[in-house]
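What follows is a short report on a single structure.
The values are calculated or read from the model by the stated rules, or taken from the named source; none is laboratory data. This is a predicted model, so every value here is computed, not measured. Counting neighbours? That spans all protein chains shown, and the Cβs are built from the backbone with ideal geometry, glycine included.
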Amino acid sequence: MRRAHLLYLGIATILLGAACAQPAPAPTSSGSEQALEMRNFAFAPASLTVKVGTVLVWTNRDSVSHTVTLSSVPTGVASLDSGSLGPGQTFRLTASQVGRYAYHCSIHPSMTGEIVVVAEQGTPPATGTTPRPQPAGPVSPY
Ligand SMILES: [Cu+2]
């Protein structure tokens with residue numbers, strides 16, 4: 001009796017352990033990391049095309065602080081400001097939505113860059129040129 005009870009406890013523990021062992025969502029399941037730099041008061045590369053899901057990692061290689069401040073984002077994406085990044089600091093941003101992201105350094109506005117996020121197939125998104133269906137001809141009033 002006591003033995004069976006212990007056995008049940010053991011199984012329960014194993015089951016609990018399995019449930020808790022569910023890993024957190026893999027950070028790089030669909031995308032890889034793309035390194036960018038702030039160097040000599042410029043973003044490098046200044047313009048970059050990545051696939052959706054890519055994790056962008058900026059590293060400040062200058063001896064002064066910079067920011068990554070999004071100034072233009074696709075519809076539905078929250079704008080974002082990294083805040084001041086000191087020398088050697090990094091800022092990570094997951095390119096979670098297709099579209100064009102323009103950014104700059106809020107401390108040095110002449111520092112600008114853009115990221116174009118494309119779908120897995122590699123086709124850039126249509127930029128507002130979707131043809132609208134023409135309305136049907138005039139409806140004859142009865
Ligand atoms: Cu700067």
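The set of residues in region 58-67 being among the hydrophobic types (A, V, I, L, M, F, W, C) and in contact with a Leu (Cβ under 7 Å, 6 or more places away or on another chain) consists of 58 alone.
Evaluation of residue 103 against the conditions (1) surrounded by 17 or more Cβ atoms within 10 Å (Cβ to Cβ); (2) at pLDDT below 95; (3) among the hydroxyl-bearing types (Ser, Thr, Tyr) shows that the sole unmet condition is (2).
Quick one: would you say residue 73 is crowded, with 16+ Cβ neighbours inside 10 Å, modelled with pLDDT under 95 and not charged (D, E, K, R)? So residue 73 fits the description; yes. Among the candidates 15, 9, the residue that is farther than 30 Å from residue 105 by Cβ, at pLDDT below 50 and surrounded by 10 or more Cβ atoms within 10 Å (Cβ to Cβ) is uniquely 15. Scanning region 53-68 for residues that are in contact (Cβ under 8 Å) with a residue 40 or more places away in the chain, surrounded by fewer than 19 Cβ atoms within 10 Å (Cβ to Cβ) and among the hydroxyl-bearing types (Ser, Thr, Tyr) turns up just one, 65.
Taking the criterion of being part of a loop (DSSP other than H, G, I, E, B), more than 12 Å from the chain's Cα centre (by Cα) and either surrounded by 13 or more Cβ atoms within 10 Å (Cβ to Cβ) or modelled with pLDDT under 95 (or both), the residues of region 78-97 that qualify are 82, 84, 87, 89. Scanning region 53-72 for residues that are touching a Gly at 6+ places or on another chain (Cβ under 7 Å) and of a type in the set (A, V, I, L, M) gives a single hit, 55.
Every residue, every condition in (1) charged (D, E, K, R); (2) away from the ligand (no atom under 11 Å from the Cβ), yes or no:
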| site | (1), (2) |
| --- | --- |
| 62 | yes, no |
| 71 | no, yes |
| 81 | yes, yes |
| 101 | no, yes |
